[in-house]
Every structure is written in C-alpha cells, then in structure tokens.
1. Restricting attention to segment 2-15, and to residues there that are open to solvent by less than 40 Å² (accessible area, probe 1.4 Å) and out of contact with any Pro (no Cβ under 8 Å at 6 or more places or on another chain), which single residue is nearest to residue 42 (Cα to Cα)?
2. Cβ-Cβ distance below 6 Å, separation of 6 or more or different chains: which pairs start in segment 136-160 with a residue that is more than 12 Å from residue 82 (Cα to Cα) and without any contact (Cβ under 8 Å) to a residue 12 or more places away in the chain and end on one that is hydrophobic (A, V, I, L, M, F, W, C) and surrounded by 14 or more Cβ atoms within 10 Å (Cβ to Cβ)?
3. Here are the criteria: (1) modelled with pLDDT of 95 or more; (2) under 25 Å from residue 20 (Cα atoms). Tell me which single one residue 104 does not satisfy.
4. Please specify each residue of segment 1-17 satisfying the condition of being small (Gly, Ala, Ser) and at pLDDT below 90.
5. Checking the structure you have, find out if any residue of segment 99-109 is basic (Lys, Arg) and in contact with a strand residue (DSSP E or B) (Cβ under 8 Å, 6 or more places away or on another chain).
6. Within segment 81-90, track down each residue that is surrounded by fewer than 18 Cβ atoms within 10 Å (Cβ to Cβ) and in contact with a Ser or Thr (Cβ under 9 Å, 6 or more places away or on another chain).
7. Out of 28, 55, I need the residue that is open to solvent by 20 Å² or more (accessible area, probe 1.4 Å) and under 22 Å from residue 137 (Cα atoms). Which one?
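The values are calculated or read from the model by the stated rules, or taken from the named source; none is laboratory data. Just so it is clear, the structure is predicted and the values come from calculations on it, not from any experiment. Glycine gets a Cβ as well: all are built from the backbone with ideal geometry, and neighbour counts include every protein chain shown. With ligands, DNA and RNA removed, areas are computed over all heavy atoms of the protein, side chains included. Shrake-Rupley method; radii C 1.70, N 1.55, O 1.52, S 1.80 Å.
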Amino acid sequence: MATNENLPPNVIRQLAKELKNLDQSPPEGIRVIVNDDDFTSISADIEGPGGTPYENGIFRMKLVLSCDFPQSPPKGFFVTKIFHPNISSRGEICVNTLKKDWNPTHGLRHVLLVVRCLLIEPFPESALNEQAGKMLLENYEDYARHARLYTSIHALKPKSKPKSGSISESTTAVNVDQSSTNLGETAPSAPTALCATAAATKVLGSNSQDQNAPNEPAVGTSAALPKKEGPVARKAPVDKKKVDARKKSLKRL
C-alpha cells in the first residue's frame with residue numbers, strides 16, 4: 001500500500017484539492033472521510049438510495065490508491081456487509097469503472113458516484129455474489145427481502161434530523177401573517193390613508209355644521225344682516241323721542 005511519501009508531489013496536490021472539494025461540496029448521499037496523513041486510503045459513507053433495498057442504511061466503503069495512481073485505478077471495498085450481486089462477501093467491488101473502463105482523468109467524485117449508482121442498478125450478469133445475482137434475475141422480491149434484511153442488520157442507521165426547518169417555516173408564516181395584519185390595521189398605505197382622512201374630514205365637517213349651527217345662516221348672506229341689526233334700528237327712534245321730550249321740558253323751565 002502506498003503512502004503520501006510514495007506519491008508524486010503533483011498527485012498529492014491534486015488529491016488534496018479534490019478531497020477538500022469533496023468535503024466542502026459532497027455528492028448527494030455521500031460523505032467522504034479525509035485522512036490528511038494518508039491520501040492513499042479514502043473512506044466514504046454512502047446512503048442507501050431511496051426506493052432500493054438499501055434505503056435507510058449507511059454503508060462504509062474504502063478506496064485504496066496504489067503508488068502509480070492515477071495511471072492505475074483504485075481498488076474499492078465495502079467495509080459494511082451488504083447483499084449485492086456486484087459486491088462479494090469480502091466486500092470487493094466489481095464495476096467496470098474500476099477495471100477496464102478506468103481513465104486517469106476520472107476523479108474520486110466520479111468513482112464514488114458510480115459506486116452509489118451500483119446500489120440503484122446492479123449488474124447481475126457480472127456478479128461477484130452469485131447467490132444475489134441469481135436471486136435478482138429469478139425473483140426480485142426474494143432478492144429485495146434478503147437485501148433489506150442485511151441492511152437492517154449490518155448497515156449504520158442515519159441520524160434522525162430535527163424538524164427545525166418546518167417549525168421555523170411555520171413560525172415565520174405566522175409572524176408574517178400577524179405583521180401583515182397589524183400593518184393593515186395601523187399603517188395603511190399612503191393612498192388609502194389620504195382617502196380615509198379626506199372622507200372623515202368631509203363627514204365631520206357636515207356633522208358639525210348640522211349639530212352646532214342648525215339655525216344660523218351662513219356668514220355674509222343677506223338674511224343674516226337684518227337679524228343682527230334689527231334691534232339697534234328699533235332702539236334708535238325711542239332714544240331720539242326721549243331726547244326731544246327732555247329738550248321741551250327744559251324750554252318750559
């Protein structure tokens with residue numbers, strides 16, 4: 001088995017770059033376990049794809065790189081026991097990408113995705129596990145039942161994820177509804193507020209005129225002047241008569 005010291009510097013740099021990328025942006029259903037001290041042995045946890053007998057299970061596999069990688073393909077093994085036509089009882093993986101179809105340009109991401117796809121679509125024609133291959137070809141239900149049994153016994157169980165997303169979304173929705181309701185009650189839009197103010201002013205103005213001054217005519221009208229000046233006009237002749245009578249009485253004296 002090779003170690004970091006036995007790999008060319010350019011290969012180490014390329015592997016370090018690719019492993020960092022896999023760690024920061026992992027493929028769907030795959031988590032790579034990085035060992036900085038030894039890039040030649042790479043472990044990964046693969047989630048069983050939904051709708052397959054491997055669903056709800058996590059399977060650990062390992063890629064072992066030789067000293068002449070990437071000119072020669074890595075060797076793949078399943079550490080977790082699994083019932084699969086293309087995976088032997090010892091965990092060896094049979095897939096063309098790791099054999100005759102290998103290309104030095106294939107990266108680790110491509111290899112991991114091919115292995116996970118193998119769980120979705122097995123190839124019983126090139127089976128390493130003859131029992132699994134035969135069952136798959138003759139009776140899929142028996143094969144699936146057997147594979148599910150292995151999954152329930154040997155595969156790791158995925159950690160339960162808290163449903164905080166749905167709670168936060170519903171809380172957010174409630175807050176949005178409440179805030180929109182409050183805004184609608186206390187802070188209407190500018191055109192609505194202006195229209196409401198104008199209507200209220202018009203109603204209040206008409207009500208104050210009707211209630212506070214029902215019998216008073218408008219200022220400046222011709223009917224208002226006689227009422228205000230009438231009493232003064234009637235008092236003027238009375239005062240003049242009194243003055244004339246006083247003058248006559250004085251003359252008699």
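1. Here the answer is 15.
2. Correct list of pairs: 142/135.
3. (1)
4. Taking segment 1-17 as the starting set, the residues that turn out to be small (Gly, Ala, Ser) are 2, 16.
Across segment 1-17, the qualifying residue is only 2.
5. The first filter runs over segment 99-109 and keeps only residues basic (Lys, Arg), leaving 99-100, 109.
Applying the additional criterion that residues be in contact with a strand residue (DSSP E or B) (Cβ under 8 Å, 6 or more places away or on another chain) yields none.
Among the residues of segment 99-109, not one is basic (Lys, Arg) and in contact with a strand residue (DSSP E or B) (Cβ under 8 Å, 6 or more places away or on another chain), which makes the answer no.
6. Matches in segment 81-90: 81 only.
7. Details: 28 fails: under 22 Å from residue 137 (Cα atoms).
Going through 28, 55 in turn, just one is open to solvent by 20 Å² or more (accessible area, probe 1.4 Å) and under 22 Å from residue 137 (Cα atoms): 55.
Table: residues versus (1) in contact with an Asp or Glu (Cβ under 7 Å, 6 or more places away or on another chain); (2) of a type in the set (S, T, N, Q); (3) more than 19 Å from residue 8 (Cα to Cα).
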position	(1), (2), (3)
39	no, no, no
47	no, no, yes
71	no, yes, no
86	no, yes, yes
95	no, no, yes
108	yes, no, no
125	no, no, yes
